[in-house]
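Trainee: Okay, here's the structure, questions in a sec.
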Amino acid sequence: MATPRRVCVTGGGGFIASWLVKLLLSRGYSVHATFRDPDDPKNAHLNNLEGAAENLHMFKADVLHYDTLEAAISGCEGVFHLATPVPKDKIDNPEASILVMLAPAVKGTLNVLQVCSSAKVQKVVVVSSTSAVHFNPKWPQDKPKDERCWSDKKLCMEIGDWYSAAKTTAEETAWEYAEKNGLNVVTVCPCLVFGPLLQPTVSTSSNVLIYIIRGGPNALKNIMWHIVDVRDVADALILVYEKSESSGRYICGGDNISTKAMVDLLKKNYPNNNYVNCNIDIDIQVAPISSEKLISLGWKPRKLEETLLDSLDCYEKAGILQDVGHPSRLPYIFRVAHQE
């Protein structure tokens with residue numbers, strides 16, 4: 001029997017990472033997954049995945065500490081770097097924002113890449129975000145944004161969007177390192193990620209949809225949302241890893257829908273939820289993004305309706321939509337877009 005191909009996934013217990021680990025195991029890979037605490041109950045779901053007993057190896061590691069990554073990456077032909085901080089609330093102090101968001105994202109990425117170089121890793125897939133694409137005021141608003149479009153870091157910092165600033169800086173850092181050191185790096189930039197949860201905790205992006213379903217104290221503008229299914233993101237990550245011809249950045253955006261259209265679609269199929277109020281008087285158009293480069297590589301995302309309905313079904317079965325005695329809150333990084 002051939003030895004399984006061995007890869008490492010950083011931040012293995014996260015929303016996207018859990019699906020990536022599941023898919024890798026189903027394809028016969030041996031997976032080294034990193035966690036700050038492998039014994040934390042929130043990571044236990046991975047042990048129940050098919051193939052985990054034979055091919056999942058859990059490592060205690062922190063991307064901010066170079067030495068902890070060496071054992072996890074050693075012997076791996078490829079690495080998927082997903083671990084990154086996502087703020088739940090606003091960080092008012094710019095200095096604190098740099099310490100909490102910007103520095104960890106950049107240092108964590110550099111540490112992973114440096115260990116990959118030392119370990120002679122053949123290919124690294126870095127998960128960025130369309131947050132590193134969207135915020136570019138110089139890009140023509142009637143032109144779909146593609147991989148050539150980069151967010152303006154200075155603008156992101158000025159408006160207090162430290163997540164986008166961090167993702168942009170970390171991805172730029174990855175490319176600078178790759179070019180200087182000859183490391184084979186590919187980046188994937190997913191948009192807003194919905195879909196069924198494998199992990200017991202609720203991801204920041206999933207909390208957006210939960211807010212829309214349960215309703216909350218604030219109405220949402222009728223903004224256009226770019227949405228991709230978590231299962232399709234996992235597919236995309238493996239696709240760019242396995243395709244020898246893949247190179248550069250890849251935008252991973254499935255489809256788009258307005259707030260009102262999303263509420264209408266969900267309400268039609270699940271009428272008994274409260275749902276958020278939608279301010280149709282504030283209709284904001286967002287420049288579309290193009291995933292044509294990823295699609296031309298062979299990526300086939302599913303229909304948006306399937307993503308939304310599968311997500312809601314998952315939340316209902318997990319009891320996430322039950323009244324917990326306090327109103328839902330929209331995560332801060334999305335709240336900014338809906339402030340008057």
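The values are calculated or read from the model by the stated rules, or taken from the named source; none is laboratory data. Since the structure is predicted, the reported quantities are computational estimates derived from the model, not experimental observations. We place every Cβ from the backbone using ideal geometry, glycine too, and count neighbours over all the protein chains shown.
Trainee: Do we have any residue at all in the stretch 24-33 that's in contact (Cβ under 8 Å) with a residue 12 or more places away in the chain, under 15 Å from Val63 (Cα atoms) and either of a type in the set (A, V, I, L, M) or buried (at least 16 other Cβ atoms within 10 Å of the Cβ) (or both)? Talk me through it step by step, then tell me what you get.
Mentor: Taking the stretch 24-33 and keeping what is in contact (Cβ under 8 Å) with a residue 12 or more places away in the chain, we get 24-33.
In the following step, the residues that additionally are under 15 Å from Val63 (Cα atoms) were identified as 32-33.
Next, only the ones that are either of a type in the set (A, V, I, L, M) or buried (at least 16 other Cβ atoms within 10 Å of the Cβ) (or both) stay: 32-33.
The answer is yes; a qualifying residue exists.
Trainee: Going through the stretch 120-139 one residue at a time, which ones are touching a residue at least 24 places away in the same chain (Cβ under 8 Å) and more than 27 Å from Phe15 (Cα to Cα)?
Mentor: Residues of the stretch 120-139 touching a residue at least 24 places away in the same chain (Cβ under 8 Å): 121-135, 139.
Listed by number, the list holds a single entry, Trp139.
Trainee: Collect the residues in the stretch 211-233 that are buried (at least 23 other Cβ atoms within 10 Å of the Cβ) and in contact with a Phe, Trp or Tyr (Cβ under 6 Å, 6 or more places away or on another chain), keeping them in residue-number order.
Mentor: Residues satisfying the conditions are Ile227, Val230.
Trainee: Would you tally the residues in the stretch 234-249 being surrounded by fewer than 24 Cβ atoms within 10 Å (Cβ to Cβ), of a type in the set (Gly, Ala, Ser) and in contact with a Phe, Trp or Tyr (Cβ under 7 Å, 6 or more places away or on another chain)?
Mentor: Total meeting the criteria: 1.
Trainee: Right, next: Would you check which residues across the stretch 276-292 are out of contact with any Pro (no Cβ under 8 Å at 6 or more places or on another chain) and either assigned to a strand (DSSP E or B) or surrounded by fewer than 17 Cβ atoms within 10 Å (Cβ to Cβ) (or both) and list them? Spell out how you get there, then give the answer.
Mentor: Start the filter on the stretch 276-292 by keeping residues that are out of contact with any Pro (no Cβ under 8 Å at 6 or more places or on another chain), which leaves 276-286, 292.
Within the stretch 276-292, Asn277, Cys278, Asn279, Ile280, Asp281, Ile282, Asp283, Ile284, Gln285, Val286, Glu292 qualify.
Trainee: It is to be established whether one or more residues within the stretch 299-316 are at pLDDT below 95, surrounded by 14 or more Cβ atoms within 10 Å (Cβ to Cβ) and not charged (D, E, K, R).
Mentor: no
Condition check ((1) touching a strand residue (DSSP E or B) at 6+ places or on another chain (Cβ under 7 Å); (2) modelled with pLDDT of 80 or more) across all residues:
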site	(1), (2)
Ala61	yes, yes
Glu70	no, yes
Ile73	yes, yes
Lys88	no, no
Ile91	no, no
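Trainee: If you don't mind, there's one more thing I want to ask. Identify the residue in the stretch 136-149 that is surrounded by 18 or more Cβ atoms within 10 Å (Cβ to Cβ) and closer than 20 Å to Ser247 by Cα and, among all such residues, is nearest to the chain's Cα centre (by Cα).
Mentor: So in the stretch 136-149, the residues surrounded by 18 or more Cβ atoms within 10 Å (Cβ to Cβ) come out as 139, 145, 147, 149.
Next cut, closer than 20 Å to Ser247 by Cα only: 145, 147, 149.
Working: Lys145: 18, Glu147: 17, Cys149: 18 Å.
Per the criteria, the residue is Glu147.
Trainee: With among the hydroxyl-bearing types (Ser, Thr, Tyr), at pLDDT below 95 and over 16 Å from Trp225 (Cβ atoms) as the only criterion, which of Ser246, Ser328, Ser258 stands out? Write out each step before concluding.
Mentor: Numbers: Ser246 fails: at pLDDT below 95; Ser258 fails: over 16 Å from Trp225 (Cβ atoms).
One residue alone meets the criteria, Ser328.
Here's the yes/no breakdown for (1) free of Cβ contacts under 8 Å to residues at least 12 places away in the same chain; (2) acidic (Asp, Glu); (3) within 24 Å of Cys149 (Cα to Cα):
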{"site": "Ser258", "(1), (2), (3)": "no, no, yes"}
{"site": "Asp264", "(1), (2), (3)": "yes, yes, no"}
{"site": "Pro288", "(1), (2), (3)": "no, no, yes"}
{"site": "Leu294", "(1), (2), (3)": "no, no, yes"}
{"site": "Leu304", "(1), (2), (3)": "no, no, no"}
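Trainee: Still on this model: Sort through Val228, Val193, Val208 and tell me the only one that's in a helix (DSSP H, G or I) and of a type outside the set (Ser, Thr, Tyr).
Mentor: Val208
Trainee: Name the residues in the stretch 233-275 that are assigned to a loop (DSSP other than H, G, I, E, B) and more than 21 Å from His134 (Cβ to Cβ), would you? Lay out the reasoning, then the answer.
Mentor: Of the residues in the stretch 233-275, the ones assigned to a loop (DSSP other than H, G, I, E, B) are 243-247, 253-254, 270-275.
Correct list: Lys243, Ser244, Glu245, Ser246, Ser247, Tyr270, Pro271, Asn272, Asn273, Asn274, Tyr275.
Trainee: Does any residue in the stretch 44-61 that is among the polar types (S, T, N, Q) come within less than 8 Å, Cβ to Cβ, of a residue that is at pLDDT 95 or above and surrounded by 13 or more Cβ atoms within 10 Å (Cβ to Cβ) six or more places away or on a different chain, and which pairs are these?
Mentor: Short answer, once both residue conditions are applied: Asn47/Leu56; Asn55/Leu25; Asn55/Tyr29; Asn55/Ser30; Asn55/Val31.
Trainee: Here is a check on your reading of the model: is Asn277 more than 16 Å from the chain's Cα centre (by Cα), more than 24 Å from Leu197 (Cβ to Cβ) and not aliphatic (A, V, I, L, M)? Lay out the reasoning, then the answer.
Mentor: On the way: more than 16 Å from the chain's Cα centre (by Cα): yes; more than 24 Å from Leu197 (Cβ to Cβ): yes; not aliphatic (A, V, I, L, M): yes.
Yes, satisfied.
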